[in-house]
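Reviewing the structure listed below.
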Amino acid sequence: MSEEGFVKAASLSELEEDTPLRVELGGVPVSLVRTEGEVFAINDICSHANVSLSEGDVDECSIECWLHGSRFDLRTGKPSGLPATRPVPVYPVKIEGDDVLVSVTQES
C-alpha cells in the first residue's frame, strides 16, 4: 500500500470514456469512471438498493443506477434524484503515469 492508503485500481488505458469499471479494493466495491477529462472513484453500491452502480449510465459527471434510476454526482456522491436520498461514498483519485490510484481508507 502506498502513501495515504492509495493503491493501484486500474490503468488509465483500461478506462473508456463514460464507461464505469468495477474494481474491488481492500474488500470495497468501487466504480471507476473516466469522464469530462477526469477520473472519479465512487462506491459501487447504490444507497437505495443493493445493486452495482457500474452497470449504470454516465452522463454529465453523474452515474445513474440502472435499477430505479437514481443519479449520483461523481464528485460528491450526493443523489440528484429519487428514490435514493442518501449519498454514496466517493474516494480520492491520483493519476501517476498510466496508473489510477485510489484511497478507500479516506472518503472525500
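Here the chain is treated with +1 on each Lys and Arg Cβ and -1 on each Asp and Glu Cβ, and its dipole about the Cα centre works out to around 480 debye.
Tell me, what is the FRET efficiency for Glu55 and Lys8 to the nearest 0.05, using R0 = 22 angstrom and their Cβ-Cβ distance as r? Here the calculated transfer efficiency is 0.45. What the phi angles of segment 71-81 give under the Karplus curve with 6.51, -1.76 and 1.60, with θ = phi - 60°, is a coupling list of 10, 10, 5, 5, 7, 10, x, 6, x, 10, x Hz, glycine and proline written as x. Taking 4.7 Å between C-beta atoms as the pairing limit, the chain has these partnerless cysteines: Cys61. Here volume of the Cα convex hull per residue in Å³ was computed from the coordinates, and among (i) 96; (ii) 164; (iii) 82 the match is (iii). Averaging the sequence gap over all C-alpha pairs within less than 8 Å and six or more residues apart, then dividing by the number of residues, gives the chain a relative contact order of 26 percent.
For Thr35, the residues whose modelled amide H falls within less than 5 Å of its own, excluding neighbours fewer than 5 places apart on the same chain, are Asp18, Phe40.
For segment 32-108, the set of trypsin sites (Lys or Arg not before Pro) satisfying both a DSSP loop assignment and a count of at most 15 other C-beta atoms within 10 Å is given as Arg75. Here the chain exposes an accessible surface that is 45 percent carbon and sulfur, computed with a 1.4 Å probe and the other protein chains kept in place.
Looking at the chain, the accessible area is 52 square angstrom per residue; that uses a 1.4 Å probe and ignores ligands, DNA and RNA.
If you take every residue apart from Thr85 with its C-beta less than 13 Å away from the C-beta of Thr85, what net charge results, scoring Lys and Arg +1 and Asp and Glu -1? Local charge sum for Thr85: +3. Here is the list for segment 17-73: chymotrypsin sites (Phe, Trp or Tyr not before Pro) lying in DSSP coil, each with at most 16 other C-beta atoms within 10 angstrom of its C-beta, are Trp66. Applying the criteria of a DSSP loop state and at most 16 other Cβ atoms within 10 Å to the GluC sites (Glu not before Pro) of segment 52-82 yields Glu60. Near Leu53, once Lys and Arg are set to +1 and Asp and Glu to -1 for all other residues with Cβ below 14 Å from its Cβ, the sum equals -4.
The values are calculated or read from the model by the stated rules, or taken from the named source; none is laboratory data. Owing to the predicted nature of the structure, the values given are computational and were not obtained by experimental measurement. We place every Cβ from the backbone using ideal geometry, glycine too, and count neighbours over all the protein chains shown. Surface accessibility is based on the protein's heavy atoms, side chains included, excluding ligands, DNA and RNA. Shrake-Rupley method; radii C 1.70, N 1.55, O 1.52, S 1.80 Å.
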